[in-house]
Every structure is written in structure tokens, then in C-alpha cells.
Amino acid sequence: MVVQDMPHGTLPLLYTFHFYLFGIIAIVSALLFVTRKSPVAAALWLVNTMFSLAALYVMLDAQFIGVIQVLVYAGAIMVVFLFVIMLLNLGQGVVGDARGLGWKLIAGAVGVALLAQIFALTRSRTPVNLTLPAGYTAQQVERTGAITPIAGPLFNEYLLAFEVTSVLLLAAIVGAVVLGKQRGEGDAG
Amino acid sequence: MLAEALFFSAVLFAIGVVGVLTRRNAIIVFMCVELMLNAVNLTFVAFAQSYGAAGQVFVFFVMTVAAAEAAVGLAIIIALFRHRQTVDLQNINLLKG
């Protein structure tokens, strides 16, 4: 968002409050997601996390990414997950699938180590000549709309990557069809 | 808001890693991987705010790869289920010999 008539670095209290609110909703939903026994409940809590992340994206001046997050992640990918859960009939007769204590200790240690590493990284300073002026992206969005700042680099610097992505998607479609096919008569594989 | 976004992202990523290591249901492990990808996306968007919108382009690519991964991965899980009638990773030990 564009901060006007404000000293550098201060943000309206309402903005900060909502930022923390959605961040905490995302983390609590994620915690509930990894602790649910039922795959359906877990998937729905993950959808909740993704919605809160979309809100965070909008507040971080990435409105287009926020929309895509809701459409593609919460809308398409999670529906595919729920569809597979339904197809395999995993929603009923829920049994715990948590691993033993040894695995939990290992996981806790790895989690704590990862958090410590990332916090150590956030303490390091980035070179000043890399950073743009404060509020640059917000002003760009204000000036040209939310899509132009993404479309520019996507179709210029990253055009080759964009084209390779289409090949990747084609390969994924072919792979999914081949893997999902019933092994039947006239099938050599 | 950069520091706060990085904090949320780090916590979400760690939750995803812990989920991958502690759950045995293949579909839930897969969803934990999606959670980790989402956490990284939040980092990209947070940095894009002060280092230019090209970071958002990378979020775009990550989402495409996640979609492709979900399609192929879920097809593999369905094929495995057809073969073994389970998605419990402890029962899927074909490579163990």
C-alpha cells in the first residue's frame, strides 16, 4: 500500500493489525492442518492457510498473485487433493497415521534447526544498492495497475522460462494420463 | 512488514517440514510439500515489495510447478493405491528388497 504523508517506515495501525491477524490465522491453520487425523479436515485447514496467505499477498502489494493464489491454489489444486481423497475413499475409518516418537524427535530437531537458520539469515543486511526506494512496488502498482509490473518481466526477461513452463505442463498432463490409465488389454507396459 | 512476513514464512516452512517427517499418509505428506511451497512464495512476495516485481514472476513459476507436481503426484498415489490398496508410506517399501 502507498504510505502518504507519513515518516519513512511507519504504517497505519489498522494495516499492521490485519497483517498480524492474517499471519497468525495462517500459522494456526497450518498447525491444525498437520495435527488433524482426517485427510479431509487437514485439506480444509490447508485451504484456510492458503486464503490467509492470499490476504497477506494483497497487503504486500501483490494483488494479482493474491487472486491467483485463491484461484489456482485454494480453488484448483486443493480441489484436486479433495477429489483424490474422495476417489480413494480415505475420509472414513480414520486411523492415526503419525509416526513414532523417534521420528517426532527428529522432526522437532529439524524444525528448530530450520527456524534458527532462517532467523539468522533475516538478521543479515542486504547491500543498499540492491534495494529500491521504499514503497517502489506500491507506487508502480498505483501508476500502471496490478498486472503490468508482473507482465513486463514475464514476457521480456523471463520469456524463455515462460515457454519452458508450457512444455513442463504438457509433460505433466501426459504423465498424469499415462499413470492414471488402467492397465488393460492391448497394453504392453 | 518484511521482517514479519519472513517470520510467518519461516514458521510455515518449518511446520511443513515437521509434517512431512511425522505423517505417514502419502496425501498429507504431499499437502505438507504444498505448504512449504506456499511459505517460499510468501518470502518471494515479501522481497518483491522492496527488490522489484520480478520476484512475483517467480511466484508464478512456483505455482505452475506446484500444479504440475500435484497432477503427477496424485496420479502416482492413485496408481500406488490401485496396486497396494493403501496410501500408508510404511507399507510402500518396494525398493527395500
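The values are calculated or read from the model by the stated rules, or taken from the named source; none is laboratory data. Just so you know, these numbers come straight off a predicted model, no measurement behind them. Cβ: placed from backbone, ideal geometry, glycine included. Neighbour counts: every protein chain shown. Heads up: the accessible areas ignore ligands, DNA and RNA and are worked out on the full protein's heavy atoms, side chains in. Shrake-Rupley method; radii C 1.70, N 1.55, O 1.52, S 1.80 Å.
Rounded to the nearest percent, how much of the accessible area of the protein assembly as shown (1.4 Å probe, protein heavy atoms only) is carbon and sulfur?
70
Calculate the all-directions average of the projected area of chain B's alpha-carbon convex hull, and give it in nm².
Mean orientational projected area (chain B, Cα hull): 6.9 nm².
Most fluctuating residue of A:Leu159, A:Leu105, A:Leu179 in a GNM of chain A with Cα springs under 10 Å: which is it?
Of A:Leu159, A:Leu105, A:Leu179, the most mobile in the Gaussian network model is A:Leu179.
Using +1 at the Cβ of each Lys and Arg and -1 at the Cβ of each Asp and Glu in the stretch B:2-96, identify which of B:Thr86, B:Val62, B:Asn25 lies farthest towards the dipole's positive end.
B:Thr86
In Å², what does the accessible area per residue of the protein assembly as shown work out to with a 1.4 Å probe?
On a per-residue basis, the protein assembly as shown sits at 53 Å².
Mind ranking B:77-90, B:43-56 by how tightly packed they are, going by the mean number of other C-beta atoms within 10 angstrom, highest first? Spell out each step's value before the answer.
Details: B:77-90: 15.4, B:43-56: 22.4.
Top of the packing list down: B:43-56, B:77-90.
Treating only the Cβ of Lys, Arg, Asp and Glu as charged (+1, +1, -1, -1), what charge dipole size does the protein assembly as shown show about its Cα centre? Round to the nearest 20 debye.
Taking the Cα centre of the protein assembly as shown as origin, the dipole is about 940 debye.
Per the Kirkwood treatment, what hydrodynamic radius in Å, one decimal, follows for the protein assembly as shown from the mean inverse distance over all distinct Cα pairs?
20.5
I'd like the orientation of helix A:39-59 relative to chain A: the angle between its Cα long axis and the longest Cα principal axis, in ° from 0 to 90, rounded to 10.
20
If you fit an axis through the alpha-carbon atoms of helix A:159-180 and take the longest principal axis of the Cα set of chain A, what angle between them do you get, 0 to 90°, nearest 10?
20
Against the longest principal axis of chain A, how steep is helix A:78-87, in degrees 0 to 90 to the nearest 10, with axes from Cα atoms?
Taking the Cα atoms of chain A, the angle to A:78-87 is about 10 degrees.
Would you tell me the mean number of C-beta atoms belonging to other protein chains that fall within 10 Å of each C-beta in A:23-29, as a whole number? Let's see the in-between values first.
Details: counts 9, 2, 0, 9, 5, 0, 3.
Mean shielding by partner chains, rounded to a whole number: 4.
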